[in-house]
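Worksheet: the structure to be examined is printed underneath.
The values are calculated or read from the model by the stated rules, or taken from the named source; none is laboratory data. Here the structure is a predicted model, which means the values were calculated and not measured. Positions of Cβ are generated from backbone atoms using ideal geometry, with glycine treated the same way; all protein chains shown enter the neighbour counts. Ligands, DNA and RNA are stripped out before the accessible areas are found, and what is left, the full protein with its side chains, is counted by its heavy atoms. Shrake-Rupley method; radii C 1.70, N 1.55, O 1.52, S 1.80 Å.
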Amino acid sequence: MGRKLLTEHINVEGIDTFEVYRKHGGYRSVEKALKTMTPDEVVEEVKKSGLRGRGGAGFPTGMKWSFLAKPEGVPRYLVCNADESEPGTFKDRQLMSKLPHLLIEGMITSSYALGANTSYIYIRGELLYVLRILEKAIAEAYAAGFLGKNILGSGYDLDLYVHPGGGAYICGEETALLESLEGKRGNPRNKPPFPAVQGLYARPTVVNNVESIAAVPVIVNDGGDEYAKIGVGRSTGTKLISACGHLNKPGIYEIELGVPVEEFIYSDEYCGGIWKGRDLKAVVAGGSSVPILPKELILKTAAGEPRLMTYESLSDGGFVTGTMLGSGGFIAMDETTCIVRNTWNFSRFYHHESCGQCSPCREGTGWLEKILHRIEHGHGTERDIDVLASVAKQIEGNTICPLGEAAAWPVSAAIRHFRDEFEWHIRNPQEATRPGAVYPGKAVLV
């Protein structure tokens, strides 16, 4: 396996305590940043590193930081998006529960770089056990002088709070998260203005994912140039992958970006192949919102090149023959998987989680779920497939936030690559609805 930048000490007994974490080099980045670097120098190191947002969008973190407005006398905020709710993604809760001080260290160093004196960790409401772990770790950091007034005698002050959400997927969208943090209903905001100008309490705000912030201590300690040497091209560093589905060894893997997808699935170092000796049918590579790909297109690009676990390689071919790395929620499906049922299940989730603010999403997600339910349960018609594709197309690009696209992309991709399976369901309802029924054909390659 490659280098472990975030999880090297994750199995050390007591690593969730300040004392043990400190013995293993914890909080060195805080000391280095506060004693030997200016905030702008920290931002510059993050820029050099090439770190890209690990929550799904993949936007360069250092560039995002540089957009932060800095009006004189106006407070700024850093908010950690720990509202991990994407189906298939479960990496952040592992980081927070096992290595809470790594996130706290990242929050302190990042807050210093951004000039924030008050910062928040917004955590998914269902993860109350993780919230208690974080609150305990924050109390230890205060007691050790790494939070509060005049940290390490540097003159820099920081207060850090953990705030639980109410269990809404939509609050993973940064402006909905900020609305919720302010005590309002978690509806996404129109942009502009962007959070970097008017975010929390209408003040300049940066919102970053847990994994993104946890990578900052490594970058500050080792230098941005060293971090950038890991990975391939513009996909630098390591990435946590939540591997699940029909795998022999599901779990959370920290990989160096650039590992071939085929190696990640079949190597004993990683997922160990498909369970029960079955064949791979399809993969959702970055959480439920990214396009599904059949085996032939997830292992190799349309041009026949090996597909790599990088932002660029996975998106090669656009949405016609590619997908996205997204949040790293890697869902593998074997040959017995019903693509229609899986797509319906995803659509149920997005319909349920739509905030209802935008008509295309509110109505469209409902139509997607209803039509897919009809096809899956043996009542579909030939025109339903084209109606599904049409509804998905009308949702895309017509909503305030990306939840609309998150609902539409899986449906469009499933039809694009597995249309014959949808047709089989419609033409053979009795066979398709039989318990344990397996589609006898193969995926359609575009």
key: Where Gly73 falls short, out of the listed (1) open to solvent by 60 Å² or more (accessible area, probe 1.4 Å); (2) farther than 30 Å from Ala176 by Cα   = (2)
message = Looking at segment 422-437, I want the residues that are at positive phi and have a partner that is assigned to a loop (DSSP other than H, G, I, E, B) with Cβ atoms under 9 Å, at least 6 apart or on another chain. Which pairs are those?
response = Gly436/Thr336
ask   = Do we have any residue at all in segment 390-413 that's assigned to a loop (DSSP other than H, G, I, E, B) and over 26 Å from the mean Cα position of the chain (by Cα)?
value = no
task = Please give the number of the condition Gly26 fails out of (1) open to solvent by 80 Å² or more (accessible area, probe 1.4 Å); (2) touching a helix residue (DSSP H, G or I) at 6+ places or on another chain (Cβ under 7 Å).
result = (1)
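Can you spot a residue in segment 223-236 that is touching a residue at least 60 places away in the same chain (Cβ under 8 Å), in contact with a Pro (Cβ under 9 Å, 6 or more places away or on another chain) and part of a strand (DSSP E or B)?
Let us first name the residues in segment 223-236 that are touching a residue at least 60 places away in the same chain (Cβ under 8 Å), namely 223-225, 227-228, 230-236.
Next cut, in contact with a Pro (Cβ under 9 Å, 6 or more places away or on another chain) only: 234.
Narrowing further to those that are part of a strand (DSSP E or B): none.
Within segment 223-236, none of the residues are touching a residue at least 60 places away in the same chain (Cβ under 8 Å), in contact with a Pro (Cβ under 9 Å, 6 or more places away or on another chain) and part of a strand (DSSP E or B).
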query = When segment 252-280 is examined, which residues are found to be under 21 Å from the mean Cα position of the chain (by Cα), on the phi < 0 side of the Ramachandran plot and open to solvent by 10 Å² or more (accessible area, probe 1.4 Å)?
reply = Ile252, Tyr253, Glu256, Val259, Pro260
query = Which of the residues belonging to segment 32-67 are open to solvent by less than 10 Å² (accessible area, probe 1.4 Å) and either part of a loop (DSSP other than H, G, I, E, B) or charged (D, E, K, R) (or both)?
reply = Leu51, Arg54, Gly58
ask   = With (1) in contact (Cβ under 8 Å) with a residue 40 or more places away in the chain; (2) assigned by the TED database to the domain that holds Pro87 as the list, and Lys184 as the residue in question, which single condition is left unmet?
value = (1)
query = Counting just the residues of segment 1-23 that are among the acidic types (Asp, Glu) and either within 19 Å of Tyr227 (Cα to Cα) or in contact with a His (Cβ under 8 Å, 6 or more places away or on another chain) (or both), which one comes out surrounded by the most Cβ atoms within 10 Å (Cβ to Cβ)?
reply = Asp16
request  = Test Ala176 against the criterion of being open to solvent by 20 Å² or more (accessible area, probe 1.4 Å) and over 22 Å from Val220 (Cβ atoms), and give yes or no.
outcome  = no
task = Go over the candidates Tyr169, Tyr156, Tyr201, Tyr161 one by one and state the one that is outside the structural domain of Ser288 (by the TED database), surrounded by 22 or more Cβ atoms within 10 Å (Cβ to Cβ) and aromatic (Phe, Trp, Tyr).
result = Tyr169
key: Selection count, segment 187-222, where residues are of a type outside the set (Ser, Thr, Tyr) and not in a loop (DSSP other than H, G, I, E, B)   = 18
request  = Return yes or no: is Phe346 at negative phi, of a type outside the set (D, E, K, R) and in contact with a strand residue (DSSP E or B) (Cβ under 9 Å, 6 or more places away or on another chain)?
outcome  = yes
request  = Would you mention how many residues in segment 358-384 are hydrophobic (A, V, I, L, M, F, W, C) and either surrounded by fewer than 19 Cβ atoms within 10 Å (Cβ to Cβ) or under 24 Å from the mean Cα position of the chain (by Cα) (or both)?
outcome  = 4
query = Going through segment 316-355 one residue at a time, which ones are out of contact with any helix residue (DSSP H, G or I) (no Cβ under 6 Å at 6 or more places or on another chain), crowded, with 18+ Cβ neighbours inside 10 Å, among the polar types (S, T, N, Q) and in a loop (DSSP other than H, G, I, E, B)?
reply = Ser327, Thr337
message = So in segment 1-16, with the set limited to residues that are of a type outside the set (A, V, I, L, M) and touching a helix residue (DSSP H, G or I) at 6+ places or on another chain (Cβ under 7 Å), which one is farthest from Leu134 (Cα to Cα)?
response = Gly14
inquiry  = Among the residues of segment 230-242, are any charged (D, E, K, R) and either out of contact with any Phe, Trp or Tyr (no Cβ under 8 Å at 6 or more places or on another chain) or open to solvent by less than 10 Å² (accessible area, probe 1.4 Å) (or both)?
reply    = yes
request  = Kindly establish whether Met309 is open to solvent by less than 10 Å² (accessible area, probe 1.4 Å), among the hydrophobic types (A, V, I, L, M, F, W, C) and more than 18 Å from the chain's Cα centre (by Cα).
outcome  = no
task = Give the residue that is most open to solvent (accessible area, probe 1.4 Å), with candidates limited to residues of segment 281-306 that are within 9 Å of Val261 (Cβ to Cβ) and touching a Pro at 6+ places or on another chain (Cβ under 7 Å).
result = Lys300
query = Does Lys239 satisfy the criteria of being of a type in the set (D, E, K, R), assigned to a loop (DSSP other than H, G, I, E, B), at pLDDT 95 or above and not assigned by the TED database to the domain that holds Pro100?
reply = no
request  = From the list Tyr161, Tyr169, Tyr112, Tyr142, pick out the single residue that is farther than 25 Å from Val20 by Cβ and of a type in the set (Phe, Trp, Tyr).
outcome  = Tyr169
